[in-house]
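To start, the structure under review is shown below, and the notes come after it.
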Amino acid sequence: MSAEGAAAPHVVEVPVSESTNAELVAALQSGESWPHLGALVTRDQRSGRGRLDREWVAPAGTALAISVVLRVGTVPDERRGWIPLVAGAAMVDAIGAQLPGAGVKWPNDVLVDGRKICGILAQVADFDTIVVGSGVNTRMTAGQLPVETATSFAARGVVVDEERLIADYLRRLGELVDALGRGSVRDIVAERCVTIGQRVTAHLPGGERITGRAMGLDELGHLLIDGASRPIAVGDIVHLRPA
């Protein structure tokens with residue numbers, strides 16, 4: 001694949017990858033030179049992983065795996081926890097340009113009308129470099145969706161322009177990382193976070209569960225739940241249907 005304009009100085013597509021994130025992290029750690037916003041892309045990822053080490057597998061040609069190099073030396077250490085969240089916000093904008101109804105379920109799952117279309121995983125490659133991987137359900141039919149809570153462009157009746165999706169995502173991701181380097185992005189992320197305002201159950205490491213209304217995000221990007229004794233830094237969030 002050729003570079004997608006100024007937003008994508010270095011985009012490489014491979015026919016198959018076990019994991020674009022693992023492959024890109026290994027390349028960086030072996031000394032390969034990849035620029036900021038350089039991306040590794042495949043439409044056939046065999047052993048992808050999601051948040052909380054969940055397996056992410058899709059039939060060849062039905063999903064787009066995109067892993068992006070972020071050079072974050074200009075982002076203060078205390079703001080780097082926002083990077084997975086701004087990646088989710090950037091993907092919401094990219095998907096939303098072609099498919100209405102996109103929003104973020106905290107911290108960075110992208111939903112369309114309540115169903116998951118994209119998952120995101122950030123991994124540290126070195127002190128000032130983070131690789132952000134995204135898996136987007138593009139051409140997956142309704143019958144191929146792994147769970148009933150998932151969706152795809154095709155299942156929604158939309159033929160996705162994948163080249164535009166990649167370009168839009170990289171451009172917006174670059175803008176939001178730049179904004180993060182300059183100051184707070186809380187309002188930008190919160191505006192796209194459909195978790196805020198909903199009753200949720202947070203499943204925390206160790207088995208603890210907290211149920212309440214999601215009220216917002218703190219200065220670190222952690223989720224604030226009404227009645228919780230502390231902000232939620234890590235957990236699996238379930239949106240509860242109204243009674």
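The values are calculated or read from the model by the stated rules, or taken from the named source; none is laboratory data. As the structure is a computational prediction, the values presented were derived from the model and not from experiment. Cβ: placed from backbone, ideal geometry, glycine included. Neighbour counts: every protein chain shown. Ligands, DNA and RNA are stripped out before the accessible areas are found, and what is left, the full protein with its side chains, is counted by its heavy atoms. Shrake-Rupley method; radii C 1.70, N 1.55, O 1.52, S 1.80 Å.
Does ARG80 count as open to solvent by 10 Å² or more (accessible area, probe 1.4 Å), closer than 18 Å to THR62 by Cβ and not aromatic (Phe, Trp, Tyr)?
No, not satisfied.
I'm trying to understand the selection: among the residues of the range 196-207, which are assigned to a loop (DSSP other than H, G, I, E, B), open to solvent by 50 Å² or more (accessible area, probe 1.4 Å) and either at pLDDT 95 or above or in contact with a Phe, Trp or Tyr (Cβ under 7 Å, 6 or more places away or on another chain) (or both)? Write out each step before concluding.
Let us first name the residues in the range 196-207 that are assigned to a loop (DSSP other than H, G, I, E, B), namely 196-198, 204-207.
Now narrow it down to the ones that are open to solvent by 50 Å² or more (accessible area, probe 1.4 Å): 196, 198, 205-207.
Result: ILE196, GLN198.
Take the conditions open to solvent by 60 Å² or more (accessible area, probe 1.4 Å), among the aliphatic types (A, V, I, L, M), in a strand (DSSP E or B) and without any contact (Cβ under 8 Å) to a residue 60 or more places away in the chain and apply them to VAL147. Does it pass?
So VAL147 fails the test.
Within the range 168-187, can you find the residues that are among the hydroxyl-bearing types (Ser, Thr, Tyr) and open to solvent by 20 Å² or more (accessible area, probe 1.4 Å)?
Of everything in the range 168-187, just one residue is among the hydroxyl-bearing types (Ser, Thr, Tyr) and open to solvent by 20 Å² or more (accessible area, probe 1.4 Å), namely SER184.
Among the residues of the range 218-232, which ones are among the aliphatic types (A, V, I, L, M) and modelled with pLDDT of 95 or more?
LEU220, LEU223, LEU224, ILE225, ILE232
Given the residues ALA97, ALA90, ALA60, which is the only one that is modelled with pLDDT of 95 or more, of a type in the set (Gly, Ala, Ser) and surrounded by fewer than 18 Cβ atoms within 10 Å (Cβ to Cβ)?
ALA97
Just checking, does the range 88-100 include any residue being closer than 22 Å to SER17 by Cα and of a type outside the set (Lys, Arg)?
Yes, the range 88-100 contains a residue that is closer than 22 Å to SER17 by Cα and of a type outside the set (Lys, Arg).
So which of GLY235, GLY212 ends up being touching a Lys or Arg at 6+ places or on another chain (Cβ under 8 Å), surrounded by 15 or more Cβ atoms within 10 Å (Cβ to Cβ) and either without any contact (Cβ under 8 Å) to a residue 40 or more places away in the chain or within 15 Å of GLY103 (Cα to Cα) (or both)?
Details: GLY235 fails: touching a Lys or Arg at 6+ places or on another chain (Cβ under 8 Å).
So the residue among GLY235, GLY212 that is touching a Lys or Arg at 6+ places or on another chain (Cβ under 8 Å), surrounded by 15 or more Cβ atoms within 10 Å (Cβ to Cβ) and either without any contact (Cβ under 8 Å) to a residue 40 or more places away in the chain or within 15 Å of GLY103 (Cα to Cα) (or both) is GLY212.
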